[in-house]
Each structure stands twice: as C-alpha cells, then as structure tokens.
Amino acid sequence: PANSAARAERSVEGWVVVVTGVHEEAREEDLLDRFADYGPVRSLHMNLDRQTGFVKGYALLEFREFDHARAAVEQAAGSSLLGQRIAVDFAFVKSERPDDDDEVRGEDRHRRRRPRPDRYAPDRHTSDRHTSERYAPDRYASDRERSPDRGF
C-alpha cells in the first residue's frame, strides 16, 4: 500500500479504494463509520452473495479528494473491522510498464500471430487435380459410345 499511493489513478468522479477481508455480516453503516474519519465517503458499494445474502468479503469506497483516499489506505490498512483484519488499497493504479517503450504501445502490444498460409495460392488450388488422367473426360467417352440411350 505504501507504493500504491504514488501510482494511484483517479476514476471518473473520484478516488476508489478497495477494502478486502470485510466480515460477512458487516453493514454499510459499519464501513461508513470506520472510514468517515478519513474524509467524506462519496459512495460505497458492497457486493452480496445472492444465495446467502452475506457480504462477499470486499467493498469499494469512493472519496472525492486524493488526500482522504490516501489517508484511508495508509491508516486503515491492517486494522480490524468487526473483529476481522481488513486490507485497504487503491482500486486503480498505474501500470508498472514503462510508458516510453514504443513496443508496448499501439498495435505491437498485442501478440502477433504467424501469417497463415494462403488457402488460395496457385500451388494449392484444387483445379489442378482435375487435369490428371484419372478425371480426364476421355476415360468415359467409351461408355457414352456404348450406351447412347442413357443420355450422357
């Protein structure tokens, strides 16, 4: 968490902090009371398990100011909530990749595949097979001469 403050990224409307290790019976009020000491919480989101109705173990809090979010990350990390130890960190952080590396940016950042062999290349075309002696029209000419009423 100490290094994450330097790499923290702002969301659309504020600074989002993720709290993990939240007790399954925690309520929104418990988290708001715990984190209100660091600054006003703009929004709080706790996912619940559909089957049990209990908290899944994490919560997302949004602070308007970076200083409030940083204080929450630095001071609440490792503390306890309802007798359970919680971890607190920024939800969005900058990548550790170097920004000035041209190969990481643009199209080159995706893995390139080998070019596929051309299916329609002249050496692979199927029309070459039909010129062999086996499929030559002369092979069936004698059958047509023997049975003129067949309509070939």
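The values are calculated or read from the model by the stated rules, or taken from the named source; none is laboratory data. Computed from a predicted model, the values in this text were never measured in an experiment. Neighbour counts are summed over all protein chains in view; Cβ atoms, including those assigned to glycine, are modelled from backbone coordinates with ideal geometry. Surface accessibility is based on the protein's heavy atoms, side chains included, excluding ligands, DNA and RNA. Shrake-Rupley method; radii C 1.70, N 1.55, O 1.52, S 1.80 Å.
Side notes on the structure shown:
This table checks each residue for (1) modelled with pLDDT under 95; (2) open to solvent by less than 70 Å² (accessible area, probe 1.4 Å); (3) out of contact with any strand residue (DSSP E or B) (no Cβ under 6 Å at 6 or more places or on another chain).
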position	(1), (2), (3)
E24	yes, no, no
A36	yes, yes, yes
A72	yes, yes, no
A77	yes, yes, no
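- Scope segment 28-49; condition of a type in the set (G, A, S) and in a strand (DSSP E or B); matching residues: S43
- Scanning segment 50-70 for residues that are open to solvent by 20 Å² or more (accessible area, probe 1.4 Å), among the hydrophobic types (A, V, I, L, M, F, W, C) and either touching a helix residue (DSSP H, G or I) at 6+ places or on another chain (Cβ under 7 Å) or assigned to a helix (DSSP H, G or I) (or both) yields a single hit, F66.
- Unmet criterion (only one of (1) open to solvent by 70 Å² or more (accessible area, probe 1.4 Å); (2) touching a residue at least 12 places away in the same chain (Cβ under 8 Å); (3) hydroxyl-bearing (S, T, Y)) for S43: (1)
- If you go through segment 1-22 and keep only what is in a loop (DSSP other than H, G, I, E, B), in contact (Cβ under 8 Å) with a residue 40 or more places away in the chain and open to solvent by 40 Å² or more (accessible area, probe 1.4 Å), you end up with P1, A2, E9, R10, E13.
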